[in-house]
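The values are calculated or read from the model by the stated rules, or taken from the named source; none is laboratory data. This one's a predicted model, so the numbers in the text were calculated from it and none came from an experiment. Ideal geometry is used to build each Cβ from the backbone, glycine not excepted, and the neighbour counts take in all protein chains shown.
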Amino acid sequence: MKTIKITLMLAVVALFSFTVVEQFSYSVDNAHSRLGFTIKHMGISDLNGNFGKFETKITTSKADFSDAVVELSADVNTINTGNEMRDGHLKGADFFETEKFPTLTFKSTSFKLVKGKNYKIEGDLTMHGVTKKVTLNAIHYGNVENPQSKKTVAGFKVTGVVKRSEFGVGAGFAAPGLSDEVNLIADLELGQN
């Protein structure tokens with residue numbers, strides 16, 4: 001009988017010792033966000049573009065996002081540089097080969113608070129069928145309450161540099177004609193689900 005009471009008491013203690021960790025999930029508001037890039041042309045000018053369709057999801061259990069997981073996917077067929085002929089060329093065999101590789105993805109493996117509102121994000125970027133580890137910088141501009149939905153909205157700017165040669169994109173176009181380094185820029189407004 002004493003063994004049963006002790007076992008029951010240990011079970012009750014174990015039950016109440018677990019802490020429930022609440023997960024918060026955020027999704028991108030595409031009307032107020034942009035996923036873009038800048039690449040140097042002929043060493044003298046910046047060529048800017050963006051992807052018109054993309055999804056971003058952030059999951060975190062901490063208010064400061066220091067344990068966040070970021071998942072992003074973009075439809076490469078929606079690339080837009082402001083020039084239809086150039087966009088068609090970028091979708092073709094010389095660059096992204098969108099018929100074979102229509103999607104670009106990123107999944108974070110680490111989201112660390114560096115100082116203040118600055119973060120380092122590490123993760124796997126898959127582009128043109130190649131996956132590479134990349135490190136990105138993020139600034140958390142803050143959170144506000146959406147007056148219509150009454151839900152929290154978080155704002156981030158994410159930047160980083162990748163080398164297109166590492167992903168086999170535009171192999172026939174060497175610098176200085178087209179720089180190897182591509183600056184990534186994401187301005188994200190994410191609403192809590």
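Given the structure, is Thr98 part of a strand (DSSP E or B) and hydroxyl-bearing (Ser, Thr, Tyr)?
no
Working carefully through the options Lys117, Lys150, find the one that is on the phi < 0 side of the Ramachandran plot and of a type in the set (Lys, Arg).
Lys117
For segment 119-154, name all the residues that are touching a residue at least 24 places away in the same chain (Cβ under 8 Å), touching a helix residue (DSSP H, G or I) at 6+ places or on another chain (Cβ under 9 Å) and part of a strand (DSSP E or B).
Residues satisfying the conditions are Leu125, Met127, Val130, Lys132, Val153.
Could you run through segment 62-81 and say how many residues are in a strand (DSSP E or B) and either at positive phi or not small (Gly, Ala, Ser) (or both)?
Count: 7.
Being among the hydrophobic types (A, V, I, L, M, F, W, C), exposed (fewer than 13 other Cβ atoms within 10 Å of the Cβ) and within 22 Å of Ala154 (Cβ to Cβ) is the filter here, so list the residues in segment 102-134 that pass it.
Val114
Name every residue in segment 74-99 that is free of Cβ contacts under 8 Å to residues at least 40 places away in the same chain, surrounded by 13 or more Cβ atoms within 10 Å (Cβ to Cβ) and among the charged types (D, E, K, R), in order of residue number.
Asp75, Arg86, Asp87, Lys91, Glu97
Report yes if some residue within segment 92-104 is within 26 Å of Gln192 (Cα to Cα) and at pLDDT 95 or above; otherwise report no.
Yes, segment 92-104 contains a residue that is within 26 Å of Gln192 (Cα to Cα) and at pLDDT 95 or above.
Taking the criterion of being touching a residue at least 40 places away in the same chain (Cβ under 8 Å), part of a helix (DSSP H, G or I) and either within 15 Å of the chain's Cα centre (by Cα) or under 30 Å from Lys150 (Cβ atoms) (or both), would at least one residue in segment 40-61 satisfy it?
Within segment 40-61, not a single residue is touching a residue at least 40 places away in the same chain (Cβ under 8 Å), part of a helix (DSSP H, G or I) and either within 15 Å of the chain's Cα centre (by Cα) or under 30 Å from Lys150 (Cβ atoms) (or both).
Kindly establish whether Val169 is modelled with pLDDT of 95 or more and assigned to a strand (DSSP E or B).
So Val169 fails the test.
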